[in-house]
1. Let's test the formula: R0 of 41 Å, r as the Cβ-Cβ distance of A:A114 and B:T157. What FRET efficiency results, to the nearest 0.05?
2. Would you mind telling me which residue in B:R145, B:R219, B:R69 has the biggest mean-square fluctuation in a Gaussian network model of chain B, where springs connect alpha carbons within a distance under 10 angstrom?
3. Check A:I145: other-chain or 5+ apart residues with amide H under 5 Å from its amide H, H built from backbone geometry?
4. How much mean residue ellipticity at 222 nm does chain A get from its helices, if each DSSP H run of length 4 or more adds -39500 (n - 2.57) and you divide by all residues, to the nearest 500 deg cm²/dmol?
5. Roughly what angle does helix B:84-97 make with the longest principal axis of chain B, taking Cα atoms, 0 to 90 degrees, to the nearest 10?
6. Any idea what angle helix B:163-177 forms with the longest principal axis of chain B, computed on alpha-carbon atoms, 0 to 90 degrees, nearest 10?
7. On a C-alpha basis, how far is the centre of region B:8-47 from the centre of region B:110-168 in Å? Whole number, if you could?
8. What dipole magnitude, in Debye to the nearest 20, does region A:3-252 give about its Cα centre under +1 on Lys/Arg Cβ and -1 on Asp/Glu Cβ?
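Values quoted throughout were computed directly from the atomic coordinates according to the rules given, and no laboratory measurement underlies them. Predicted, not measured: the structure shown is a model, and the values here were computed from it. Cβ placement follows ideal geometry from the backbone for every residue including glycine, while neighbour counts extend to all protein chains displayed.
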Amino acid sequence: MDRIADIFAARKPLIIFTSVGYPTESRCEDAVCAAIEKGADIIELGVPFSDPMADGPVISAASQTAIAAGMNVHKVIAFAARIRSRHPKTGLVLFSYMNPLLHLGYDHTCTLLAEAGVDAILPVDLPLEERDELLEPARSHGLHIIPLVSPLTPEERIIRIVKDMSGFVYYINVAGVTGERAALPPNIGEHIAIIKRHTALPVAAGFGIASAEAAHAAAEVADGVISGSGFVKACSQSTESAADFTAELLRGMGR
Amino acid sequence: MNMHYGIYGGQYVPETLTGALRELEQTYLEAKDDPAFHGELDDLLKHYVGRESPLYYAKRLSEHLGGSRIYLKREDLNHTGAHKVNNTLGQALLARRMGKKRVIAETGAGMHGVATATVAALFGMECEVFMGAVDVARQAPNVDRMHALGAHVRSITDGGATLKDAMNAALREWASCSDTTFYVIGTAAGPYPYPMLVKDFQSVIGKETRRQCLEMCGRLPDQVVACVGGGSNAIGMFAGFEDTPNVRRIGVEAGGMGIQTGQHAASINGGKVGILHGMKAYFLQDTDGQMRDTYSVSAGLDYPGVGPEHCLLADEGRAFYEVANDDEAVAAFDMLCRYEGIIPALESSHALAFAIREAPRHGHDHIIVVNLSGRGDKDMENIRQYKEKHGQNR
């Protein structure tokens, strides 16, 4: 069974990132479940890291709060297992910097993730050059590694990045860190078209999407829409805000 | 090119930065083979920096200790007051070669920030320096110097608000503007190719030392000693003695209040393998794999990691990594001031502290070279506060 493939085959998924443990572990869980009940298809479970160098201020601050309250990889995996038991069809992706995974041990991490029912790992700071060290243990446990492509990635490199990969491709809409943007760049569609020349995998677009309009624009050109900082911000207000935020993005996507 | 040092090093960065690193690698490899590049760099090192820096026999200090002869490699006499300028000049030449009009840098003690601001002024480039808020407060004179040189200093309040956090902020900035901006990394760490090129630019220290020692003493030193934060001055010194196994290469990490207290910055002696800032290396971490906030009286050593080549040298026993605590470094600072009339940087005082510990164990024919990587003018307020806190003021 490939849950991720089934989800993309059924519809253009809404993919929601959450910084696990923010604002608290239980409120985060409520917000994620509310998002799933509204229609979010895949959840990226962000492992809070002390040095989130790819993240903007919202997710960085959320990570610090979560760490201060004792969140760690083990608890993120237990969190994933609870979501899995309540939502068997939702895609679950572990979104992490490499250090917490290395610290726990790649093989051990992958064993625990597979047991918890997680589908994939999205390693933020693991480019093509270093990928093999995680690819092997992930595959042996049936986990996808989600490759990332940026607007600065040249085509010859895209070819090497997507080759023999599984799950979906994450297209980073803008060069820079995570966070809301006033407007998305106009050429996302062109970049995604280039990626799709070289892979049959679906391509989801993320970074800077926090409104119905942005979700609409992304859904026009991508196979899936990813939102992170906006959802994390909504989580900090209330479960209802998180649900409303999800509903707004789905509305933008025409769902 | 091999991006790794054994299992260490590599290029653990978000995809967005990989293109900029490839561009830097290509530019550097071309420049490395270009005599014009070296001609310009050597000319600037001589006439602008004031190289070569002297190797100085610290006779009074050595006689006081009654053992080894201690020689000081006087990187503190360089323009800007530390070894950092050797590297920033090299990187600024690369930036110009790449057509970048703006440079950014991270800084801890502020010496690298000053050295970057200096070369930016020299080449007419815009400069922004990222500095932890704690360091902005404890290294105020360097903040003033950067401002005077026309640089903008961005104070970073994330995390422990020291060097690690400044580097996170600089990397974030770089991810959004690498097309126009060159990131000048100050130590032999970070993603490949930085550890390689920083080492190459700093290797002038070791090469000069080797020649000068042969001239002055008729033989090579028994030990070369350098402080290690990220490890740039040490790797530069060590580079001069790669094929001479009888020269013991010693790095000295910051022991802070003592390794056993957990309040230190000794990554090799107290850390484990991790991934941060684009490299696999030894890092100080907690039991969950979060990077720990470090502590040292010396802002320039206050970093939870260490360059990848040092990790490999340590594992293979080709260099040795010792620890000096705050109190030893401050005592060494005082001793050099009083016996030699030289005010050393608190960073360099860690290397000196080791030499002071070591010298009495040897005879007069034993030679220790200490890399005096920087001068201590910036540390006066820091030292005063330290002594006040520890009841050492007269």
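1. 0.55
2. Its mean-square fluctuation being the largest, the pick is B:R219.
3. A:I121, A:S166
4. Helices in chain A give a 222 nm mean residue ellipticity of -14500 deg cm²/dmol.
5. The answer is roughly 20 degrees.
6. It works out to around 20 degrees.
7. Each part reduced to its Cα centre gives a spacing of 22 Å.
8. Rounded to the nearest 20 debye, it is 440 debye.
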